[in-house]
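Structure record follows, encoded as structure tokens.
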Amino acid sequence: MSRRSKKTLSPTKAVAGDTSAFLPARWTVPAICIFLPAIIWLVFGQTLRHDFVNYDDPEYVFKNAQVVRGLTLEGIAWAFTHVHSSNWHPLTWISHMLDCQFYGLNPGGHHLTNTLLHAATAILLFLVLRQMTGALWRSAFVAAIFAVHPLRVESVAWVAERKDVLSGLFFMLTISAYVRYARAPRSPFRYGLVVLFFALGLMCKPMLVSMPFVLLLLDYWPLNRFATLHQDGGQPRIPRRLLLEKLPLLGLVIASCIVTLFAQRESMAPVSRITLPLRLGNAAVAYTDYIRQIFWPADLAVLYPWEEVRLGLASIALSIVLMAGVSVAVFFLRRHRYLVTGWLWYLVMLGPVIGILQVGNQARADRYTYLPQIGLYLVLTWGAMELCAGWRYRRVLLASLSSVILAALVVCARAQASYWRDSETLWSHALSCTTDNIIAEGNLGQACYAKGKMSEAMMHFQNSLRIAPNQAPIHSSLGVFFLEMGQLNESLAHLQQALQIEPNFADAHFNLGNTYLQMGRATEALSHYNRALEIDPNDTEALNNMAWILATWPEALTRDGAKAVALAERADILTQKTKPRIAATLAAAYAETGRFADAIKTGQRAMELAAAERNAALADSIRDQIQLYQSGAAFRDRRFMSALP
């Protein structure tokens, strides 16, 4: 009786049935490394003409005072020491700062960075898979699907999702370093690189906390580092050293989890709002939805709202049966090790974002599939090759089928990416794909308002409140809407209601300050500007408005020149001395303290900035103020005094 060979396949050798065994890799590998960014450019090159969107992009980029200044020592310190937008991801903040340093607030540059990072990640995925498995074309196909699947659009076309593409790059660098370490496990330097890249990845997005388990799966297959109980091929077991070498990584995971829980404590939905059974049911349905979307990526939306109608017993039971059935099948077919690695990769990597700890209002999100679905691509690609192993014309068939699949994905992904060109298009598409989407209604209202489409804006705001009346952001937006229309009492009512719902809502405090200012009630306005600054000390608009009142209000008891100077100087520095209105406020503050030479100099800078923006009205107003400073008089703003009773 013949015995099985003890020899195992080296990861660096070609796998039987893979065409890489018959084609020279000298030119093929570079060609694939060019092909991947080429198809990515076909999909995402259009984003260089896209705008920012009004969902997270303001908080992450163009309304973030630390980010818009570019890369500064103060900004780097802020990134590491502050939680902002319920996240602690300092490297992500630094990457946005670098974009502002190079591109300013030109959205095309920010989109370009996302595209380049995604391309680098796809190339690394190909190279790492080939390095581990020796399978050239299978590795290339997995990387190509990852590169252009429509589910990638949200991660790449959305500037605020920089954390996805940046953490994905460090994820691949960690695996690459780990493969090198696995060949020389006694090398402290190689292991140090693994720890370093993993730590950097966690500082981009904490979703990488499952990395130690993913590395253990790679130990099982394709690195084949597990021990075998019997020489004739028994069940593998985990050597103790493989577990011990993951302990430093687990330490980083624990630290990251603690920081994340602290950062997102206010954003997590309480169990009283979304019960644990409902979360578990949604998790089961989400797992199967993500699988369905691999094969049928239709009706993709930027936000999928919670829909309890989707979570009926039948849907949940069917999802559980499907997931359990696949898991049982993988167990019985475990001699095909890629099945175990790929399936568990998918299940475990989705765990942190599957909704058990619910953050935000979404039931699921396309961006959550960025790294987890690589496991399923492995299963499908290796499984297809193995299934066709005995077919006579398998290479021609698989090559043709692969080409058709990639072409279809490119077309679908291009169409999906086009919806991200501006906020109105994005949210209009979301409403066409979902029902009762309160976030989409509210954000579309804001997008319409920004374009001057007042009736459409009001309609969408009202639709959002009809679905869920207690929404502080929508009431705040309506407050601004009525303020711009001059309906101050209506503005006051909506903003006060917003603060009853969410007392620490900085935008509502700022807008309420503006409303009180229009009413001529400076004391109340200052109080709410001050509260907005307590919540966000870098709110340059609140700094400017507060300084303007303190420097120019006609009533002497209200003015405080020294404080006005401090606030205006802070706002001027945060905006890199590029905003004419802030410079004009600083000039007025200097004049209030008797520093007329500084007032004249700063006023002239403000006038030049206004002229550069082609704002003739503002430039003329500043010129009149400068004439007062030249005569030794401070400026008094009497526009709002007529509103006083």
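Brief remarks on what is shown
- The range 469-539 and the range 596-622 have their alpha-carbon centroids 29 Å apart.
- Only DSSP H runs of four or more residues enter the estimate; each adds -39500 (n - 2.57), and after division by the residues of the chain the mean residue ellipticity at 222 nm equals -21000 deg cm²/dmol.
- Among 489, 413, 505 the positive-end extreme of the charge dipole of the range 397-516 (Cβ point charges): 413
- Per residue Cα convex hull volume in Å³ - calculated over the range 553-645: 99 Å³
- For a paramagnetic label modelled on residue 335 (point 7 Å from Cα along Cα→Cβ), amide N atoms under 16 Å away belong, within the range 369-387, to 386-387.
- FRET efficiency, 1/(1 + (r/R0)^6) with R0 51 Å, evaluated for residue 636 and residue 501 via beta carbons: 0.85
- Spin-label pair residue 436-residue 72: with each label point 7 Å from Cα along the Cα-Cβ axis, the two points sit 4.6 nm from one another.
- Listed residue (177, 355, 107) projecting farthest to the positive dipole end of the chain, Cβ model: 177
- Which of 524, 592 has the fewest Cβ neighbours within 10 Å, and the rest in rising order: 524, 592
- Residue order, fewest to most surrounding Cβ atoms within 10 angstrom, among 451, 205: 451, 205
- Formal net charge of residues neighbouring residue 51 (Cβ-Cβ distance under 12 Å; K, R +1; D, E -1): 0
- In the structure shown, the pairs 163/601; 163/246; 205/451 are assessed against 30 Å; a Cα-Cα span above that value is assigned to 163/601; 205/451.
- Label point at residue 38 placed 7 Å out along Cα→Cβ; residues across the range 140-156 whose backbone nitrogen lies under 18 Å: 140-149
- Size of electric dipole in the range 24-418: Cβ of Lys, Arg +1 and of Asp, Glu -1, about Cα centre, debye, nearest 20: 1460 debye
- Here the contact order of the chain, divided by its residue count and restricted to Cα pairs under 8 Å and six or more residues apart, works out to 12 percent.
- Cα-projected label distance for residue 418 with residue 258, points at 7 Å along beta-carbon direction, nm: 5.1 nm
- Kirkwood Rh in Å, taken over the range 461-553 so that all alpha-carbon pairs contribute: 13.1 Å
- Helix axis angle, 423-433 relative to the chain longest principal axis, alpha carbon, degrees: 50 degrees
- Förster-model FRET efficiency, 35 Å R0, residue 455 and residue 614, C-beta, rounded to 0.05: 0.75
- Estimated from the Cβ-Cβ distance and a Förster radius of 56 angstrom, the FRET efficiency linking residue 557 and residue 28 is about 0.10.
- In sequence order, calculated HN-Hα J values of the range 451-457 (Karplus, 6.51, -1.76, 1.60; Hz; x Gly/Pro): 8, x, 8, 5, 5, 5, 4
- Distance-filtered residues of the range 91-127 - backbone nitrogen under 15 Å, label point 7 angstrom along residue 578 Cα→Cβ: 96-110
- Which labelled figure in [x] 101, 29, 22; [y] 44, 33, 23; [z] 54, 26, 23 is semi-axes √(5λ) of the Cα gyration tensor in Å, once derived from the coordinates: [z]
- Exposure proxy ranking, count of Cβ atoms within 10 Å, fewest first, for 204, 388: 388, 204
- 15 Å Cα-Cα reach of residue 563 towards aspartates and glutamates, excluding residues that sit fewer than 8 places from it in its own chain: 572, 592
- Cα-based helix-to-principal-axis angle, 162-183 vs the chain, degrees rounded to 10: 30 degrees
FYI, it's all coordinate maths here, none of it is from the lab. Predicted model, so just to flag it, every value in this text is computed and none were measured. Glycine gets a Cβ as well: all are built from the backbone with ideal geometry, and neighbour counts include every protein chain shown.
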